[in-house]
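**Student:** The following block contains the structure, expressed as C-alpha cells.
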Amino acid sequence: MASAPKPKKDKGPEVVSVSPLNDKHRVISVARPAREKSSFLTATLKGLAITTKHFFTNVTKGDLIETVQYPEEKIPYPERNRGLHRLTQRDDGSVRCVACMCCPTACPANCITIVPNESDDPSVEKYPVVFEIDELRCVACGLCVEACPCDAIRMDTGEHPEPVERRGDAIENRDSLLARGIASTAVQGGEGADWREDEK
Ligand code: SF4
Ligand code: SF4
C-alpha cells in the first residue's frame, strides 16, 4: 500500500510516504525539521540580496521602470478586454434581449438573474422584465457574451465595475445595463436562409 519514495537531497520537508486514499486523492506524509534545527537565515539573505539588486537597478536605470500612476494615469485596455457588461438596444431603444436564458445557463458563477415575460411585439416572443448581473460574483469569463444568440449582451465597455461599499450596489439591473448599451449591428432574426448567397 504505502510506498516510500527515495529521500530528496533538497532542504524542503522530506516525504516519508505516499498512500492512495482513493482514485483521486493521496495522503502524503512529510517529516519536517524541528523548529530549533531549521534556519531561515540563508533564505533571508537571499531575499535581501534580490531586493538590494532591484533597488540599485531602479535607482540607476529609473527610466526603464514602467510605472503607471493609477488612477490618475491609465493605460488603454486591449480592444478585446472584457469590461463591464451592457445590454444592446434595438433601433427603437428597447432591450434586444429575448430572455432565451442562454447566458444564465452558460454562466459558471450563477450571477445572472432573468425574469422573462411575453412581449406585446408579435415579432418578439419574450423580453426580460428583470435582468440582473451581480458584478461581484462575475468572473469576467465572457461566456454570457459567447452564449447569446442575438448580440444582446456585451462586455466591450472598456470600464471596470465601480468599487462599492454595500454588497447590493454591485448588482447591475436592466436599466443600468441598457443605459450603457449601444445599438447592435446584428440583424434581428438573422439574415435569412440564403445569407450565404451574397458571398458567391
Ligand atoms: S462574464 Fe462569465 S461569470 Fe460574468 S456574467 Fe458572464 S458568464 Fe457569468
Ligand atoms: S442576453 Fe442573450 S443569451 Fe442572455 S437571455 Fe438575453 S438573448 Fe438570451
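**Student:** I want to confirm something. Restricting to segment 111-137 and keeping residues that are within 14 Å of ligand 2 (Cβ to nearest atom) and outside any strand (DSSP E or B), which single residue is surrounded by the fewest Cβ atoms within 10 Å (Cβ to Cβ)? It would help to see each step written out before you state the result.
**Tutor:** Keep residues of segment 111-137 that are within 14 Å of ligand 2 (Cβ to nearest atom), which gives 111-117, 119, 124-133.
From what is left, the residues that are outside any strand (DSSP E or B) are 111, 119, 124-125.
Numbers: CYS111: 19, SER119: 14, VAL124: 18, GLU125: 12.
Among those that are within 14 Å of ligand 2 (Cβ to nearest atom) and outside any strand (DSSP E or B), it is GLU125.
**Student:** Among residues belonging to segment 79-110 that are over 17 Å from MET155 (Cβ atoms) and either polar (S, T, N, Q) or assigned to a strand (DSSP E or B) (or both), point out the one that is farthest from the chain's Cα centre (by Cα). Spell out the reasoning first.
**Tutor:** Step one: list which residues in segment 79-110 are over 17 Å from MET155 (Cβ atoms), which gives 90-94, 98-101, 105, 110.
This time we only want the ones that are either polar (S, T, N, Q) or assigned to a strand (DSSP E or B) (or both), so: 94, 105, 110.
On the way: SER94: 28, THR105: 17, ASN110: 13 Å.
Here the answer is SER94.
**Student:** Please name all residue pairs, on different chains or six or more residues apart, with Cβ atoms under 8 Å, provided the first residue is in segment 81-110 and is within 16 Å of ligand 1 (Cβ to nearest atom) and the second residue is in a loop (DSSP other than H, G, I, E, B) and of a type in the set (S, T, N, Q).
**Tutor:** As it stands, the answer is GLY83/THR157; LEU84/THR157; HIS85/THR157; ARG86/THR157; THR88/SER184; PRO104/ASN110, since those pairs meet every condition given.
**Student:** Please specify each residue of segment 159-179 satisfying the condition of being of a type in the set (Lys, Arg) and buried (at least 17 other Cβ atoms within 10 Å of the Cβ). Even if it seems obvious, please write down each step before you answer.
**Tutor:** Within segment 159-179, the first condition is being of a type in the set (Lys, Arg), and the residues that meet it are 166-167, 174.
Once the filter is applied, which keeps residues that are of a type in the set (Lys, Arg) and buried (at least 17 other Cβ atoms within 10 Å of the Cβ), segment 159-179 yields only ARG174.
**Student:** Looking at (1) surrounded by 15 or more Cβ atoms within 10 Å (Cβ to Cβ); (2) closer than 15 Å to GLY181 by Cα; (3) not charged (D, E, K, R), which is the one condition that is false for CYS144?
**Tutor:** If we test CYS144 against (1) surrounded by 15 or more Cβ atoms within 10 Å (Cβ to Cβ); (2) closer than 15 Å to GLY181 by Cα; (3) not charged (D, E, K, R), just (2) comes out false.
**Student:** While we're looking at this one, here's another question. For segment 111-129, enumerate the residues that are away from ligand 1 (no atom under 16 Å from the Cβ) and closer than 18 Å to SER184 by Cβ. Outline the logic, then answer.
**Tutor:** We begin by selecting, within segment 111-129, every residue away from ligand 1 (no atom under 16 Å from the Cβ); these are 115-127, 129.
Once the filter is applied, which keeps residues that are away from ligand 1 (no atom under 16 Å from the Cβ) and closer than 18 Å to SER184 by Cβ, segment 111-129 yields SER119, ASP121, SER123, VAL124, GLU125, LYS126, TYR127.
**Student:** I've got another one for you. If THR67 passes every condition in (1) of a type in the set (S, T, N, Q); (2) within 16 Å of ligand 1 (Cβ to nearest atom); (3) without any contact (Cβ under 8 Å) to a residue 12 or more places away in the chain but one, which one does it miss?
**Tutor:** Condition (2) is where THR67 drops out.
**Student:** Closer than 17 Å to GLN89 by Cα, in contact (Cβ under 8 Å) with a residue 12 or more places away in the chain and within 12 Å of ligand 2 (Cβ to nearest atom) - does that describe any residue in segment 161-175? Talk me through it step by step, then tell me what you get.
**Tutor:** Just the residues of segment 161-175 that are closer than 17 Å to GLN89 by Cα, to begin with: 172-175.
Filter again for in contact (Cβ under 8 Å) with a residue 12 or more places away in the chain, leaving 172-174.
Narrowing the set further to residues that are within 12 Å of ligand 2 (Cβ to nearest atom) leaves 174.
Looking through segment 161-175, at least one residue is closer than 17 Å to GLN89 by Cα, in contact (Cβ under 8 Å) with a residue 12 or more places away in the chain and within 12 Å of ligand 2 (Cβ to nearest atom).
**Student:** Test CYS150 against the stated conditions and say whether it is touching a residue at least 40 places away in the same chain (Cβ under 8 Å), out of contact with any Pro (no Cβ under 7 Å at 6 or more places or on another chain) and closer than 18 Å to ILE171 by Cβ. Steps first, please.
**Tutor:** Working: touching a residue at least 40 places away in the same chain (Cβ under 8 Å): yes; out of contact with any Pro (no Cβ under 7 Å at 6 or more places or on another chain): yes; closer than 18 Å to ILE171 by Cβ: no.
No: the conditions fail for CYS150.
**Student:** Is there a residue being surrounded by 15 or more Cβ atoms within 10 Å (Cβ to Cβ), of a type in the set (Gly, Ala, Ser) and more than 11 Å from ligand 2 (Cβ to nearest atom) anywhere in segment 83-90?
**Tutor:** Looking for residues that are surrounded by 15 or more Cβ atoms within 10 Å (Cβ to Cβ), of a type in the set (Gly, Ala, Ser) and more than 11 Å from ligand 2 (Cβ to nearest atom), one finds at least one in segment 83-90, hence yes.
**Student:** Evaluate segment 148-171: report whether one residue or more is closer than 30 Å to PRO71 by Cα, modelled with pLDDT of 95 or more, assigned to a loop (DSSP other than H, G, I, E, B) and touching an Asp or Glu at 6+ places or on another chain (Cβ under 6 Å).
**Tutor:** No, because not a single residue in segment 148-171 is closer than 30 Å to PRO71 by Cα, modelled with pLDDT of 95 or more, assigned to a loop (DSSP other than H, G, I, E, B) and touching an Asp or Glu at 6+ places or on another chain (Cβ under 6 Å).
**Student:** A further question on this structure: Can you tell me which condition ALA99 does not meet? The list is (1) at positive phi; (2) loosely packed, with under 10 Cβ neighbours inside 10 Å, and all the others hold.
**Tutor:** Among (1) at positive phi; (2) loosely packed, with under 10 Cβ neighbours inside 10 Å, ALA99 violates only (2).
**Student:** Quick check: is even one residue across segment 38-52 closer than 30 Å to ARG174 by Cα, outside the structural domain of ALA147 (by TED's automatic domain parsing) and among the polar types (S, T, N, Q)? Break it down stepwise before answering.
**Tutor:** Going through segment 38-52, the residues closer than 30 Å to ARG174 by Cα turn out to be none.
The answer is no, given that none of the residues of segment 38-52 is closer than 30 Å to ARG174 by Cα, outside the structural domain of ALA147 (by TED's automatic domain parsing) and among the polar types (S, T, N, Q).
**Student:** Could you list, ordered by first residue, the pairs with Cβ atoms under 6 Å in which the first is in segment 26-54 and closer than 18 Å to GLU14 by Cβ and the second is surrounded by fewer than 10 Cβ atoms within 10 Å (Cβ to Cβ), at least 6 apart or interchain?
**Tutor:** Correct list of pairs: VAL27/LEU21.
The values are calculated or read from the model by the stated rules, or taken from the named source; none is laboratory data. These numbers were taken from a predicted model, which means no experiment stands behind them. Because the Cβ atoms are built from the backbone with ideal geometry, glycine has one as well, and the counts that use them run over all protein chains shown.
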